[in-house]
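See structure below.
The values are calculated or read from the model by the stated rules, or taken from the named source; none is laboratory data. Only a predicted model underlies this, so the values are computations on that prediction, with no experimental measurement involved. Neighbour counts are summed over all protein chains in view; Cβ atoms, including those assigned to glycine, are modelled from backbone coordinates with ideal geometry.
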Amino acid sequence: MFSSPLIRAMRTAELAGLTGVQPDPDLVEWDYGGYEGLTAEQIQESRPGWDLWRDGVVAGGTDRPGEQLQQVAARTDAVLDRIRPLLGEGDVAVVAHGHLARVLTVRWLGLDASAACLLGHPHPGTLSFLAVEHGQPVISAWNVP
């Protein structure tokens with residue numbers, strides 16, 4: 001069991017009844033840099049047509065430098081590298097944040113990180129299930145309440 005180390009994710013894991021959860025810094029949400037705390041609508045006021053998946057983020061202060069999509073993908077790839085060997089022992093739960101979960105999912109499928117824009121944003125507290133069918137990684141459920 002792995003979770004973002006942020007309090008809200010660790011609390012979600014606890015509320016879900018997960019035990020033995022290991023905080024994993026690679027599961028922390030995307031660093032939105034100078035866009036941290038802003039809605040997409042607010043960003044589009046200054047950058048009409050802006051799209052996170054296409055246009056990325058701008059640098060913030062030293063505490064929020066911002067991450068590009070491929071940096072987020074590298075973190076999710078590292079998580080998947082740690083999880084895959086455990087799958088022979090059973091299921092593995094991962095508690096993460098919305099955009100990061102979308103990137104992790106498409107990387108699980110072997111797709112480019114930019115394909116994450118094709119998945120709907122997972123709602124807080126919902127479940128998604130990734131699996132393998134006939135040797136192929138699949139999404140077996142997405143955004144289940």
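Residue-wise test of (1) in contact with a Lys or Arg (Cβ under 6 Å, 6 or more places away or on another chain); (2) outside any strand (DSSP E or B); (3) exposed (fewer than 13 other Cβ atoms within 10 Å of the Cβ).
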| residue | (1), (2), (3) |
| --- | --- |
| L100 | no, yes, no |
| T105 | no, yes, no |
| G110 | no, yes, yes |
| A115 | no, yes, no |
| H123 | no, yes, yes |
| S128 | no, no, no |
| A131 | no, no, no |
| A141 | no, no, yes |
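Select from the stretch 83-98 the residues that are within 10 Å of the chain's Cα centre (by Cα) and not in a helix (DSSP H, G or I) and write down the one among them that is nearest to Q68 (Cα to Cα). Step through it out loud before you land on a result.
The first filter runs over the stretch 83-98 and keeps only residues within 10 Å of the chain's Cα centre (by Cα), leaving 94-98.
With the extra rule that they be not in a helix (DSSP H, G or I), the set shrinks to 94-97.
Values: V94: 22, V95: 22, A96: 18, H97: 16 Å.
So, considering only residues that are within 10 Å of the chain's Cα centre (by Cα) and not in a helix (DSSP H, G or I), the one nearest to Q68 (Cα to Cα) is H97.
Tell me which residues, restricted to the stretch 7-27, are part of a loop (DSSP other than H, G, I, E, B) and surrounded by 17 or more Cβ atoms within 10 Å (Cβ to Cβ).
First, the residues of the stretch 7-27 that are part of a loop (DSSP other than H, G, I, E, B): 16-21, 24.
Within the stretch 7-27, V21, D24 qualify.
When P85 is tested against (1) surrounded by fewer than 16 Cβ atoms within 10 Å (Cβ to Cβ); (2) touching a residue at least 24 places away in the same chain (Cβ under 8 Å), just one condition goes unmet, and that condition is (2). Inside the stretch 51-72, residues that are among the β-branched types (V, I, T) and at positive phi make up a count of 0.
Which ones in the stretch 46-78 are among the basic types (K, R) and outside any helix (DSSP H, G or I)?
Step one: list which residues in the stretch 46-78 are among the basic types (K, R), which gives 47, 54, 64, 75.
Residues satisfying the conditions are R47, R64.
Once the stretch 77-118 is narrowed to residues that are touching a Phe, Trp or Tyr at 6+ places or on another chain (Cβ under 7 Å) and not hydrophobic (A, V, I, L, M, F, W, C), the residue that is farthest from W53 (Cα to Cα) is H99.
In contact with a helix residue (DSSP H, G or I) (Cβ under 8 Å, 6 or more places away or on another chain) and either among the acidic types (D, E) or modelled with pLDDT under 95 (or both): which single residue out of D77, D91 fits that description? Break it down stepwise before answering.
Numbers: D91 fails: in contact with a helix residue (DSSP H, G or I) (Cβ under 8 Å, 6 or more places away or on another chain).
Result of the check over D77, D91: D77.
Evaluate the following for T126: is it within 23 Å of E36 (Cβ to Cβ) and of a type in the set (S, T, N, Q)? First the steps, then the outcome.
On the way: within 23 Å of E36 (Cβ to Cβ): no; of a type in the set (S, T, N, Q): yes.
No, not satisfied.
Within the stretch 28-56, residues that are free of Cβ contacts under 8 Å to residues at least 60 places away in the same chain and more than 19 Å from L104 (Cβ to Cβ) have Cβ atoms under 9 Å from residues that are surrounded by fewer than 12 Cβ atoms within 10 Å (Cβ to Cβ) and of a type in the set (S, T, Y) in no pair, counting only partners at least 6 apart in sequence or on another chain.
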